[in-house]
Amino acid sequence: MRTEVNPNISNFIKSLRDIGYTFEIAVADVLDNSISADATEIKIHTVPLPEIMFCMLDNGKGMNEIELTEAMRLATQNPEDKREKKDLGRFGLGLKTASFSQCKKLTVLSKKDNQTSIKQWDLDYISTENKWWLLTPNINDFINTPLMDEFNNNKHGTLVIWEDIDRYKQNSFTDKIDKLKKHLSLVFHRFLEGSVSFKKLKISINNNSLKPFNPFNTLHDATFEKSPTKINIYNSQINITPYILPDHKRLSQQEWDEYSTEDGYIKSQGFYLYRENRLLIHGTWWGLHKATDAHKLVRIKIDISNDQDKYWGIDIKKSTANPMPEIKKDLKIIISEVTKESLKPIKRKARQLTDKTITRFWKIIPLDDEFHFGINKEHPIYSKLVNTLSDSQLYMLNIYLKGLEAYLPLESIQAQLQQNPHQLRQKDVMSNNDIKELVKKLQSAGMSQEYIESLLKTEIFKNNKELLTNE
């Protein structure tokens, strides 16, 4: 005995709409279809008032009525089927689930062989009828829709229209468009850049052309690119290329801010997973490594083919993944190698503080297996000062210096170095006039040749020797 129990379509639609798409991820998912259809130009137009509307037009190969109807079917493709190399989909759900997550009315017009077809999903109508009725609206109802004139002038292509967009307020939709531009510039940067294997793609949003954003800053001379590594998994190949981005001293303020992205350098470190040139996941270590300030400039590019999804746990939205243990094992080795490389500049800076050829104001003071940063009381200026103070004055000075050591704002320093390195002007605290005045004071107090030699080893005078030696 068996009983057919059909889902409550109205409730099912509500669940389907809440898969977890953001606006920019939903648009990228729909745009995948245009790339798979050999589009070389994609135009996006949004209308915020009186009602929010979203339109996307491509010049791809288009679909006839039978193909369009099939494309509007949920789960139109078997995710296990072998796909063409350029196919960016998998589940056959992207167009529908991405659209439903943002709007209640999805209309698709497509032109092929000079024949135009139109189909529509209206979720309110489906809920009322409790049936998956695919509508064929009157094309004349869309004559004033944005991009309709361009669609009519094209020999082939597809126009996707979202209406009844109910997830956003009209006054905040502009922010969504700004975020969309950045997202698409990143996710599709390879297509926007062009390649010998495919034509350069043009994407515009409200008549503004997008520029590619390559997260590895590969054109900069100071970007360090390690040799690629190939991993074989079940007869498939994974290509991995680690990068270490330039630090702030090698970049302008504008460039530093640009490559920090909206998430900042710490959250942007880690793996960047590309599937057939399309960026899926970025800024993650998949739990294999802890995100730290020390490794904030490390970004590791991974390239996979579109037949490896099951090894990477890629979800419907193509925005999360979880590689299988066999892959993680290899990735962990690569992490170890590249993070060691990224620490070399930091270790060089650490060695500067312990460089005995320079007498510094600060030094590292060991405490068994621990340490703290302390004032260098072997500094010649401190020694000179000590000899001029009474016992009570010396006591107060040393208490004050201990306070400086104990309450050194390390967290704030670290945060500012991360967020605003170009605004930090620590060395400007001591001006040239301050140094010249110090020399006068020291000279008036009398200086032996030995004392002058000790001063020349200090941070103050290593680049100002002429002030002490009259050179």
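Structure notes:
- Residues in the range 263-283 that are touching a helix residue (DSSP H, G or I) at 6+ places or on another chain (Cβ under 9 Å) and in a strand (DSSP E or B): Gly270, Phe271, Leu273, Tyr274, Arg275, Arg278, Leu279, Leu280, Ile281, His282, Gly283.
- Of everything in the range 247-262 that is acidic (Asp, Glu) and part of a helix (DSSP H, G or I), the residue that is nearest to the chain's Cα centre (by Cα) is Glu258.
- Helices (runs of 4 or more DSSP H) within the range 374-471 that include 2 or more residues of a type in the set (S, T, N, Q) and at pLDDT 85 or above: 391-406
- Identity of the residue in the range 116-138, over 38 Å from the mean Cα position of the chain (by Cα) and of a type in the set (A, V, I, L, M, F, W, C), that ends up nearest to Ser10 (Cα to Cα): Ile126
- Which listed residue, of Thr174, Thr128, is in the same structural domain as Ala37 (by TED's automatic domain parsing), under 30 Å from Val5 (Cα atoms), among the hydroxyl-bearing types (Ser, Thr, Tyr) and at pLDDT below 95: Thr128
- Where a residue in the range 18-31 is in the same structural domain as Ile203 (by TED's automatic domain parsing) and its partner, wherever it lies, is among the charged types (D, E, K, R) and assigned to a helix (DSSP H, G or I), with Cβ under 6 Å and at least six apart: Phe23/Lys176; Glu24/Lys179
- Of all positions in the range 200-214, at least one carries a residue that is more than 19 Å from Lys43 (Cβ to Cβ), in contact with a helix residue (DSSP H, G or I) (Cβ under 7 Å, 6 or more places away or on another chain) and surrounded by 14 or more Cβ atoms within 10 Å (Cβ to Cβ).
- Index of the failed condition, Arg2 passing every other in (1) assigned by TED's automatic domain parsing to the domain that holds Ser172; (2) not in a helix (DSSP H, G or I): (1)
- Filter result for the condition that a residue is crowded, with 18+ Cβ neighbours inside 10 Å, at pLDDT 90 or above and among the basic types (Lys, Arg), over Lys318, Lys296: Lys296
The values are calculated or read from the model by the stated rules, or taken from the named source; none is laboratory data. Note that the coordinates shown come from a computational prediction; the quantities given were computed from them, not determined experimentally. Note that each Cβ is placed from the backbone with ideal geometry, even for glycine, and that neighbours are counted across all protein chains shown.
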